[in-house]
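Student: Supplied in structure tokens, the structure appears directly below.
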Amino acid sequence: MSDSPVPVYNPKPSLQYASAIGLQTGAVGVFVSAIQNALGKHSNGAMGFVTRTGGTIALFAGMGATFALTESIVANQRRKDDPLNGAAGACAAGFLAGVRARSLPMALGGCVVLGTAMGVFDYSGQLSGEPGVTQEERRRRFFKQPLPSSTEATA
């Protein structure tokens, strides 16, 4: 058996996490909607980013909140922080994007594509470092250390 300690799982507050991520992705949706409004030809004026392309805001906020809520619920149920949580959240968000397009094949495809992409991203992030090693320790190992002076070496 391995001597490595079992990591302790800290439950995530699902609604708080989903609300925060939903607001953040909603803000990104406002930006994207404003860009769509600025680049399109219409007679709605400046409020067109809400009236004409406002669905983009709702989609971004909904996908972000769905991702965060699903990820935290799955993590809390499994009591593990691993790539499967992110994959499940991304699958739910991708499914929501497909439902907006009113297509079950797109919903399933979005689930598979986003779930796979997020799972691989999370998995590769965990492979890139040693667990329990801080960024400062990694930085110290990366940079060369000065050689000890000759007086310290002989003492």
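Student: Mean 1/r over all different Cα pairs, inverted: what Kirkwood radius does the chain give, in Å? Don't jump to the answer; show the numbers that get you there.
Tutor: On the way: mean 1/r = 0.0529 Å⁻¹.
It is 18.9 Å.
Student: Now for a separate question. K12: which lysines have alpha carbons under 19 Å from its alpha carbon, excluding same-chain residues fewer than 8 sequence positions away?
Tutor: In chain and number order, the partners are K80.
Student: Further question: On full extension of the chain, what length is gained from Q135 through I35, given 0.36 nm per residue of separation minus the C-alpha to C-alpha distance? Please list the in-between numbers first.
Tutor: Working: separation 100, 0.36 × 100 = 36.00 nm, distance 3.72 nm.
Working it through step by step, the gained length comes to 32.3 nm.
Student: Can you give me the % of accessible surface on the chain that is carbon or sulfur? Probe 1.4 Å, all protein chains present, nothing else counted.
Tutor: Numbers: 7280 of 11080 Å².
Percent of accessible area from carbon and sulfur atoms in the chain: 66.
Student: If you don't mind, there's one more thing I want to ask. Between A46 and D81, what is 0.36 nm times their sequence separation minus the Cα-Cα distance? Round to one decimal in nm.
Tutor: On the way: separation 35, 0.36 × 35 = 12.60 nm, distance 4.36 nm.
Using 0.36 nm per residue and subtracting the Cα-Cα distance, I get 8.2 nm.
Student: For every other residue with a beta carbon closer than 12 angstrom to the beta carbon of G125, add +1 if it is Lys or Arg and -1 if Asp or Glu, then tell me the sum. Display every interim value, and only then the final one.
Tutor: Working: positive: none; negative: D81, D82, D122.
Neighbour charge sum, excluding G125 itself: -3.
Student: Suppose a student asked you for the relative contact order of the chain, using Cα pairs under 8 Å spaced at least 6 residues apart; what percent would you report? Please list the in-between numbers first.
Tutor: Details: 184 pairs, mean separation 29.1, N = 155.
The normalised contact order for the chain reaches 19 percent.
Student: Oh, and also: Please compute the per residue accessible area over the chain with all protein chains in place, 1.4 Å probe, rounded to a whole number of Å². Don't skip to the end; give the middle numbers.
Tutor: Details: 11080 Å² over 155 residues.
Here the per-residue accessible area is 71 Å².
Student: I'd like to compare 13-19, 110-116: which one has the highest average count of other Cβ atoms within 10 Å, and what's the full order after that? Kindly include the intermediate steps, with their values, before the conclusion.
Tutor: Working: 13-19: 14.9, 110-116: 19.0.
Top of the packing list down: 110-116, 13-19.
Student: If you don't mind, another one. How much length would be gained if the chain were fully extended between S149 and T116, taking 0.36 nm per residue of separation minus their Cα-Cα distance, in nm to one decimal?
Tutor: Value of the extension gain: 6.6 nm.
The values are calculated or read from the model by the stated rules, or taken from the named source; none is laboratory data. Please read these numbers as outputs of a predicted model, since none were measured by experiment. Positions of Cβ are backbone-derived with ideal geometry, glycine not excepted, and every protein chain shown enters the neighbour counts. Side chains are part of the model used for accessible areas, which takes the heavy atoms of the whole protein and leaves out ligands, DNA and RNA. Shrake-Rupley method; radii C 1.70, N 1.55, O 1.52, S 1.80 Å.
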